[in-house]
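Novice: The following block contains the structure, expressed as structure tokens.
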Amino acid sequence: MLCLVECGLTNLSTCLPEKFFEFIISLLNTAIQPLLKLVQTLLTEPANVNTFQPLWAVIVYVISMFYGLFFLFAGFNLMISGYDSAKREKAKYWLRNVVLMIIFVQASFLIYSLILELSSLMTAGVIDIIDPKFFLMTLDNGLNFGLQLSLQIPYIMVLLLTIILLGLRYLFAVIGVVFFPFAMFFYFIPPLQSYGKLITNLLLVVIFVPFFDAVMLFGASALLTIPVFAIFKIVLTIVAFAAVNLLMILLILFAVIKAAFGVLNSDIGQGIKKAVKYL
């Protein structure tokens, strides 16, 4: 590590170059600190869903119109089941699902907000234990200083891409509150359960992806304790953010593909495939 000393008449030959290096590092950090602050905010701040609460209320009101219909359907099946234990169990299963559906749909805004808060707290907890120097330009060694000068532009570009992806994630997390009631509604209707799982899986991935990003950044920062990685700190930081960007894309793709296969394997999906086959 470069040793910084106070300037005096007796050490100008060593002091002036070090002050010059300090000035260059401060300039480099001035360019990236606003971007890093924005990344931290997008990672740790819970999505503010209050803007969409009126729309959520309208959606829940529309869904509530089906409560009575489902109660009548479950009650009618229970009455006509007679002594058939299988039919009675199926009718009870429907009745239980209707009750749970009403509870979860009506409480969906609160549940969604609590999940967002949980994700935010978990992410902030991980970010707080990461050494801030991992993200900043530092005077660790001569090689790393040269790499920081040459890789400043790529670092800014990868940070901008991270901000774009996290910004889109934040937007989806906010809008997700209006889809969450549909997820709860579909989940407790057996023929539509796969669609409820699809929406739920996508929303959970969108909500918790910052936590996995934070864990990946923490893992990368922990590698700095190994001397060979400390020499190439800026390279490790850029690779870590690039990996975070790739992780966000892959997790969402995985959730979509997994949910899509679940929908295709559902009763409705099988029916659609048979209908297409006979066309």
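Bear in mind these aren't lab numbers, they're just calculated from the coordinates by the rules spelled out. Since this is a predicted model, take the numbers as computed values, not measurements. Cβ coordinates were reconstructed from backbone atoms using ideal geometry, including for glycine residues, and neighbour counts include every protein chain displayed.
Novice: Counting just the residues of region 157-199 that are more than 18 Å from Ala260 (Cα to Cα) and aromatic (Phe, Trp, Tyr), which one comes out surrounded by the most Cβ atoms within 10 Å (Cβ to Cβ)?
Specialist: Selected residue: Phe185.
Novice: Same structure again: Which count do you get for residues in region 88-135 that are surrounded by fewer than 18 Cβ atoms within 10 Å (Cβ to Cβ) and either touching a strand residue (DSSP E or B) at 6+ places or on another chain (Cβ under 8 Å) or not in a helix (DSSP H, G or I) (or both)?
Specialist: Total satisfying the criteria: 4.
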